[in-house]
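For reference, the structure is listed below as structure tokens.
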Amino acid sequence: MNGSSFARLLLIARNTFLEAVRQKFFNVLVVLSIAMIASANFFRQFDFGSSELKFIADFGMGAVLLFGSILSVVVTAQLFFSEIENRTALTMLAKPVHRWEFITGKFLGVFLVLMAFVSLMLFLLAAVLYWRESNLMTYPRYADDFANGRIVNYTGILQLVFSELFKFGLLAAVTLFIASFSNTNLYTVIISFFVMIICQLQYIARDSWSDLDNPILRGIVWMLSLLFPNLQMFNVGEQLVFPTEQVTLSMGGYIGLLGYGAIYIAVLLGLSAYTFRRREI
Amino acid sequence: MSEPAIRIKNLTKDFRIGVRGVKLRAVDNVSLEIGDNQIFGLLGPNGCGKSTTMKILLGLLEPTKGECSIYGINSHSVKSRLNVGFLPEAPYFYKFLSGRELVRFYARVCGVPKSEISDRTEDVLTLVSMQNAAHRRVGTYSKGMLQRIGIAQAVVHDPKLIVLDEPTAGVDPIGSHAIAELIIALKERGKTVMLCSHLLAQVEGLCDRVAIMSRGKLVLEGGVDELLEKEDQRSLIIRDFNPQAQAEIEAVLAKYGSKLDKVEAPRISLDRLFLENTDGAAIGSGQDVNDKEDA
């Protein structure tokens, strides 16, 4: 009578999800994000024409990036340390539960929260874009812009849900890994944000690596570029939402991107489970 | 010969407390065996290593040396915890769940078959007298109710061994009494109970065996009766005592080489007096009042 690991993972994930959505922080962040995306409506006063759609999309995706990053780091750290500090982890791990199940269950719970957040935000963005695009299409002065039909690729927004989800999932996995060995919530949040910045700027190291002559330095920079995932790779919003012949993302490239995120998430979860295995609760 | 419920062998646990490799020895070469279907009390002052020993036993800490097993399975193995229920000191549970949801959650974590979860949940809620408050969120519970719902989650998967860390800490005498009765009920159901407590009077009345720890070492272990009994002394409780009879009794005792040491009126404990004069049935579960009734 031990049940399966999978059943326990889902239980822990479901509980983590419930705990997160009942926190004020999550609700406030969702309301702020909705307000920010909805406020894109005010850009119509500038009368940008079809460029307005791009502006709305950039603004909306910026809101998702900002609040999604905060959510990924803060909620992951909060949900992990609430278990440790409130000693609910003590009760849970005194049950027939493996530590890797606990860590993976926590991650899956956060992943569900992120999925709900990203889906809601991008659905809202798609609705705002559709509504505004339909309006603009009725104006004769923009008829040329819409000669070939709609500009916005709404299927691309659906694809963007998953690429954003994997990006934030990766960030949550980084945070969980740091939390697995650190002692405080604050330390975890600060270090995770630092790592996020390194991951965002990692492409600079990649560029300099290709210019280096010294093979040792090249090796070190190459190693570092592998150590930190390149989050810039996930900035595919424009390619997916406003694809052109020059700027587009093939299906192969898209699947490769999701695979890249999934591999890093799996490795980080493995490392988290390994460090958490010997942690004294 | 069947395996004991708990076997602890040469257990030592050091905690690193400084950067220069300074260590604190919390548990020092402790060996202990606890047989099946006993109530066992692990006693000692704060910081003597009781909770550390419990945590190692439950796989929450790694021992520095030695080993522990539960019904023959090493504590390292998650399987050893299939037969264990644990109530931590000052338990804190997911506040957003109701008492019933919490017990169901832990039943599922422990792999209780789906078809049995509802029956088991109601059974243990009845056992801990929490069925009337089970719909309320855990965040609204008093300390005594938290302890009782904690015991419910510890026994919902019908474990053979139940480990209780300070089960009556911060609970009023009525609640303590209810928990003590619960522990006795668990023993009657064939369970082994290991408990840590500072309420020595309660431990004395409850436990079959006790062990005392001091500075990480096990200093004393044995049956409660054999440890506390003064072997060469007996007390007689006399109803309708007549002081004039005392001289004759002393003479009879002297004839057999015995001596009357003290004559005193037996007293009931303050706990008992408190319980007899308070409503023990209303064990802190409160009452639901709706707004209309209030008005």
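The values are calculated or read from the model by the stated rules, or taken from the named source; none is laboratory data. What you see is a predicted model, and the numbers here were worked out from it, not measured in a lab. Methodologically, a virtual Cβ is constructed for each residue, glycine included, from the backbone with ideal geometry; neighbour enumeration extends over all protein chains shown. In case anyone asks, the SASA skips ligands and DNA or RNA and just uses the protein heavy atoms, side chains included. Shrake-Rupley method; radii C 1.70, N 1.55, O 1.52, S 1.80 Å.
Odds and ends about this structure:
- Residue pairs meeting the criteria (Cβ under 6 Å; at least 6 apart or on separate chains; first of a type in the set (Gly, Ala, Ser), in segment A:100-111; second surrounded by fewer than 23 Cβ atoms within 10 Å (Cβ to Cβ)): A:105/A:9; A:105/A:13; A:109/A:13; A:109/A:17
- If you go through segment B:70-86 and pick out every residue that is open to solvent by less than 20 Å² (accessible area, probe 1.4 Å) and either touching an Asp or Glu at 6+ places or on another chain (Cβ under 6 Å) or more than 8 Å from every other protein chain (Cβ to nearest Cβ) (or both), you end up with 4.
One line per residue, one yes/no per condition, for (1) within 14 Å of chain B (Cβ to nearest Cβ); (2) among the β-branched types (Val, Ile, Thr); (3) at positive phi:
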residue	(1), (2), (3)
A:90	yes, no, no
A:98	yes, no, no
A:113	no, yes, no
A:123	no, no, no
A:163	no, no, no
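- Across segment A:36-48, the qualifying residues are those that are under 11 Å from residue A:132 (Cα atoms) and buried (at least 16 other Cβ atoms within 10 Å of the Cβ), and the one among them that is modelled with the lowest pLDDT is A:43.
Residues checked against (1) part of a helix (DSSP H, G or I); (2) of a type in the set (Lys, Arg); (3) surrounded by fewer than 16 Cβ atoms within 10 Å (Cβ to Cβ):
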site	(1), (2), (3)
A:189	yes, no, no
A:210	yes, no, yes
A:233	yes, no, no
A:239	yes, no, no
A:246	no, no, yes
A:253	yes, no, yes
A:259	yes, no, yes
A:262	yes, no, yes
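- Among the residues making up segment B:112-136, those that are within 14 Å of chain A (Cβ to nearest Cβ) and over 25 Å from the mean Cα position of the chain (by Cα) are B:113, B:114, B:115, B:116, B:117.
- Cβ-Cβ contacts under 7 Å between residues 6 or more apart (or on different chains), taken from a first residue in segment B:48-62 that is within 7 Å of chain A (Cβ to nearest Cβ) to a second residue that is open to solvent by 20 Å² or more (accessible area, probe 1.4 Å) and not charged (D, E, K, R), are listed as B:60/A:281; B:61/B:52.
- Matching residues in segment B:218-257 - criterion: being open to solvent by 100 Å² or more (accessible area, probe 1.4 Å) and either of a type in the set (Phe, Trp, Tyr) or touching a strand residue (DSSP E or B) at 6+ places or on another chain (Cβ under 7 Å) (or both): B:256
- Here the condition is being crowded, with 19+ Cβ neighbours inside 10 Å and not aromatic (Phe, Trp, Tyr); of A:51, A:72, it holds for A:72 alone.
- Qualifying residue in segment B:27-42 (condition: closer than 24 Å to residue A:99 by Cβ and under 20 Å from the mean Cα position of the chain (by Cα)): no
- Enumeration of residues in segment A:128-164 that are more than 12 Å from residue A:241 (Cβ to Cβ), open to solvent by less than 30 Å² (accessible area, probe 1.4 Å) and part of a helix (DSSP H, G or I): A:128, A:132, A:136, A:142
- Candidate set: segment B:27-46, residues that are touching a strand residue (DSSP E or B) at 6+ places or on another chain (Cβ under 8 Å), in a loop (DSSP other than H, G, I, E, B) and farther than 12 Å from residue B:7 by Cα; chosen: the one least open to solvent (accessible area, probe 1.4 Å): B:44
- Unmet criterion (only one of (1) open to solvent by less than 80 Å² (accessible area, probe 1.4 Å); (2) at pLDDT below 85; (3) touching an Asp or Glu at 6+ places or on another chain (Cβ under 8 Å)) for residue B:211: (2)
- Going through (1) part of a strand (DSSP E or B); (2) without any contact (Cβ under 8 Å) to a residue 24 or more places away in the chain; (3) within 21 Å of the chain's Cα centre (by Cα) one by one, residue B:24 falls short only on (3).
- Checked against (1) touching a helix residue (DSSP H, G or I) at 6+ places or on another chain (Cβ under 6 Å); (2) in a helix (DSSP H, G or I), residue A:219 passes all but a single condition, namely (1).
- Condition check for residue A:272: more than 30 Å from residue B:56 (Cα to Cα) and either in a helix (DSSP H, G or I) or open to solvent by 90 Å² or more (accessible area, probe 1.4 Å) (or both): no
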